[in-house]
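Heads up: the structure comes next, in structure tokens.
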Amino acid sequence: MKKNFKFYALIWAILLAVWCAVVFLVRPIIPGYIINYDARFWIAFVFIAAAFIGNLVCAYFAFKAENLKKMFLNLPLITVSWSALIAMLVVGSGLMLIPNCPAWIAAIVCVVVLAFNAIAVIKAVWAADVVNEIDEKVKTKTFFIRNLTVDTESILARAKSEPVKAECKKVYEAVRYSDPMSDPELSVIEAKITVKVDELASAVGTDDAEKAKEIADEVVILVSDRNKKCKLLK
């Protein structure tokens, strides 16, 4: 992620340098245009520079995400910050080129544009945080079934005889296609399922087909009961 930000910062620096060159080198040689570095000019210049800095700050927070998923959620932040920068460039450059424009008008216009841009950035950050928070909650609520699916798949892989494999597969399929969402109200029955799955693992270890069938039937019934309770809790 840091490497991506370094490339981004390099592009950002080039664009900033080009903009400064246009403002201070190209603008003075426009035919018939008299340069005037008055208050209006510097107000527009400062606000555009602030938009550039704001864009880099937004990119830094977007690229510092610890994984690709969070970075993807932060991409709208970069998009919004670029839109804000372009808007400020257009407005600020226009104010620089307008001769005899009062400084107070330039200040008001720049403040209004900056306010709209700040609101857009805040909304983008808020949206990313909300989606990430929901995603974390879903991960927590689905952890039991995801973890149990891995455990039952591992038990199935360790089964030796065909009768034991058949019982393990029955349990694996029941868990795999069960309701993924969990709830604190299901903690008791989920604890029972966990205990029974551990017992099934022990039966598989001894290749006890009769015991495996007995436990597998109990697990399937418990999983079915859990699914019914899940529906009641929704």
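The values are calculated or read from the model by the stated rules, or taken from the named source; none is laboratory data. Nothing here was measured: the structure is a model prediction, and the numbers come from that model. Ideal geometry is used to build each Cβ from the backbone, glycine not excepted, and the neighbour counts take in all protein chains shown.
For Val138, indicate whether it is modelled with pLDDT of 90 or more and surrounded by fewer than 15 Cβ atoms within 10 Å (Cβ to Cβ). First the steps, then the outcome.
On the way: modelled with pLDDT of 90 or more: no; surrounded by fewer than 15 Cβ atoms within 10 Å (Cβ to Cβ): yes.
Judged against the criteria, Val138 is not a match.
Would you say Val90 is touching a helix residue (DSSP H, G or I) at 6+ places or on another chain (Cβ under 7 Å), part of a helix (DSSP H, G or I) and modelled with pLDDT of 80 or more? If you could, list the steps in order and put the result at the bottom.
Values: touching a helix residue (DSSP H, G or I) at 6+ places or on another chain (Cβ under 7 Å): no; part of a helix (DSSP H, G or I): yes; modelled with pLDDT of 80 or more: yes.
When the stated conditions are applied, Val90 does not pass them.
May I ask you to say which residue of Ala118, Ala157, Ala166 is surrounded by 13 or more Cβ atoms within 10 Å (Cβ to Cβ) and farther than 22 Å from Lys231 by Cα? Break it down into steps so the answer makes sense when it comes.
On the way: Ala118 fails: surrounded by 13 or more Cβ atoms within 10 Å (Cβ to Cβ); Ala157 fails: surrounded by 13 or more Cβ atoms within 10 Å (Cβ to Cβ).
Of the residues listed, the single one that is surrounded by 13 or more Cβ atoms within 10 Å (Cβ to Cβ) and farther than 22 Å from Lys231 by Cα is Ala166.
Quick one: which of Val131, Val150, Val125 is modelled with pLDDT of 90 or more and either assigned to a helix (DSSP H, G or I) or surrounded by 14 or more Cβ atoms within 10 Å (Cβ to Cβ) (or both)? Quick ask: steps written out before the conclusion?
On the way: Val131 fails: modelled with pLDDT of 90 or more; Val125 fails: modelled with pLDDT of 90 or more.
Val150 is the lone residue from the list that is modelled with pLDDT of 90 or more and either assigned to a helix (DSSP H, G or I) or surrounded by 14 or more Cβ atoms within 10 Å (Cβ to Cβ) (or both).
Among residues belonging to region 199-233 that are closer than 20 Å to Pro180 by Cα and free of Cβ contacts under 8 Å to residues at least 24 places away in the same chain, point out the one that is farthest from the chain's Cα centre (by Cα). Quick ask: steps written out before the conclusion?
Within region 199-233, the subset closer than 20 Å to Pro180 by Cα is 216, 218-233.
Of the ones still in play, those that are also free of Cβ contacts under 8 Å to residues at least 24 places away in the same chain are 218, 221, 228, 232.
Numbers: Glu218: 40, Ile221: 38, Lys228: 33, Leu232: 31 Å.
This residue is Glu218.
Mind listing whichever residues of region 182-199 are touching a helix residue (DSSP H, G or I) at 6+ places or on another chain (Cβ under 7 Å) and closer than 16 Å to Ser224 by Cβ? Reasoning before the result, please.
Within region 182-199, the first condition is being touching a helix residue (DSSP H, G or I) at 6+ places or on another chain (Cβ under 7 Å), and the residues that meet it are 182-183, 185-186, 189-190, 192-193, 196-197, 199.
Residues satisfying the conditions are Ser182, Leu186, Ile189, Glu190, Lys192, Ile193, Lys196, Val197.
Quick one: how many residues across region 175-198 are under 32 Å from the mean Cα position of the chain (by Cα), of a type in the set (A, V, I, L, M) and surrounded by 15 or more Cβ atoms within 10 Å (Cβ to Cβ)?
Number satisfying all stated conditions: 2.
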